[in-house]
1. At q = 0.14, 0.16, 0.17, 0.23 Å⁻¹, what base-10 log of I(q)/I(0) does the Debye formula yield for segment 38-113 when every alpha carbon is treated as an equal point scatterer in vacuo?
2. What percent do you get for the relative contact order of segment 307-436 when only Cα pairs under 8 Å and 6+ apart count?
3. What number, rounded to the nearest 500 deg cm²/dmol, is the helix-based mean residue ellipticity at 222 nm of the chain, given -39500 (n - 2.57) per DSSP H run of at least four residues and division by all its residues?
4. Taking the Cα centre of segment 296-437 as origin, sum charge times position over the Cβ atoms of Lys and Arg (+1) and Asp and Glu (-1), and report the length of that vector in debye to the nearest 20.
5. DSSP loop (so not H, G, I, E, B), at most 14 other Cβ within 10 Å: list which GluC sites (Glu not before Pro) in segment 266-356 pass both filters.
6. Once you put a point 7 Å from the Cα of Asn223 and another 7 Å from the Cα of Glu111, both along the Cβ direction, what distance in nm separates them?
7. Quickly work out the Gln284-to-Lys380 label distance, labels modelled 7 Å from Cα along the C-beta direction, and quote it in nm with one decimal.
8. For segment 1-108, state which trypsin sites (Lys or Arg not before Pro) are in a DSSP loop and have at most 11 other beta carbons lying within 10 Å of their beta carbon.
Amino acid sequence: MSLIKSISGIRGTIGGSVGENLTPIDTVKFAAAYGTWLKKAANKEQLKVAIGRDARISGDMVNKLVTATLQAIGIDVIDFGLSTTPTIELMVTEYQADGGIILTASHNPKEWNALKLLNEKGEFVSGPDGEAILEIVESGQFDFVDVDELGAYSQDDTAIEKHIEMILANDLVDVEAIKNAGFKVVIDAVNSTGGIAIPPLLDKLGVDYVKLYCEPNGQFPHNPEPLKEHLTDISAKVVGEKADLGLVVDPDVDRLAFIDETGEMFGEEYTLVAVADYVLSQVQSNTVSNLSSSRALRDVTEKHGQTYQPAAVGEVNVVEKMKETGAKIGGEGNGGIIFPALHYGRDALIGIALFLTHLAHKKVKVSELRAEYPSYFMSKNKIQLTPEIDVDDLLQKVEKYYDGEEVNTIDGVKVEFDKEWVHLRKSNTEPIIRVYTESTTQENADQLAEKMITTVRSLIV
């Protein structure tokens, strides 16, 4: 059991001891700290916050704790109930709210839950703002109001419908082309809110679908992270139903993966690659992804005569780099599509619409589309260190060791070779260095990781 406090929110397992798990006490303290910070930051008399949650079992309980706490701070709450992360991000601006909280532990198992914090733009709070909230948590200096000043509470069940209408209104979503393509898909929503968001989107797009694990009861039928080893059921279902593809989302619907018509993974890293390929065929733009994402995005971007820019790991950092460079498409290699024409947040629903448009225009099978992109393979490892080792100093030695190569140090050390790379990042919670590599074969990626681990160990004095 554990509790993780970070600048983007608080995440932990339900039950257990205060300060060690996501107990009611910890939930209330963190919601109170966010509300107190928001009142100081907004500097206005009356504030409102948008709230939504995924379908995990603890969601209703945590929702009640959070909404009541914000009311006690004197903040009005609009409760959108079962929803998705990107939907709540959009509703913050749609309802001119001063912030938002999404109750979801994303791809973590059902015993986990979390509070993800948004600013008035519907984006995750910045590093400095997150630090300020954590300081309030530690100080315990919360600002509760008198009974006559308690915040109001209201409910709204139209958020997902509004989100879908915004998607359909986007110029790059070709509804008629999708309808004419006659697609049949299988949906795996891991029994969370994708099950109530994806079907109505597909209905509007004229797509035939078969639902698999779309009941929003929080009973995840498999590990909710959309990785190949967790998706054997939908792979078999796609083949059995003779479907054109499978759609897979995580519990809060900000990550998207595809299954091709043969039951094979399209590749979570290639969700962004394919969507970017389509967007760049329509508009000129830079692209952005984090340093640990596939080189394939860079290749596709350069194919269109555009420039790829890397960002530090973390959605906030990707968004910041996208704003800085004016990128019209970007995201993360974990299946996270960020499409600023809609909003600055990972959004599986707009990802589905853009991917289906791309597929409809190309008039190819999903496996054929995947074959158009360069194939890269990743290996993810770690180096266990002793606590006394200065990790920052060690990474500086690695940087110096590879000073003849293309090196990026905005987030750890990333070394680019010809058609392969290695990225080293230190953990903030344990004495390890994470080692990510990518190459043109799995064997080469694994060998590159082994070589880097040997090199790093040789630099430890």
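1. Reported log10 I(q)/I(0), two decimals: -0.44, -0.56, -0.63, -1.03.
2. It comes to 16 percent, rounded to a whole number.
3. -12000 deg cm²/dmol
4. The calculation lands at about 740 debye.
5. Numbers: sites: Glu268, Glu269, Glu302, Glu315, Glu320, Glu324, Glu332; in loops: none.
Answer by residue number: there is no such site.
6. Result: 1.5 nm between the two label points.
7. A separation of 3.7 nm, rounded to one decimal place.
8. On the way: sites: Lys5, Arg11, Lys29, Lys39, Lys40, Lys44, Lys48, Arg53, Arg56, Lys64; in loops: Lys44, Arg56.
Qualifying residues, ordered by number: Lys44.
Every number here is computed from the coordinates shown, using simple stated rules; none is lab data. Remember, it's a predicted structure, so these values are computed and weren't measured experimentally. Because the Cβ atoms are built from the backbone with ideal geometry, glycine has one as well, and the counts that use them run over all protein chains shown.
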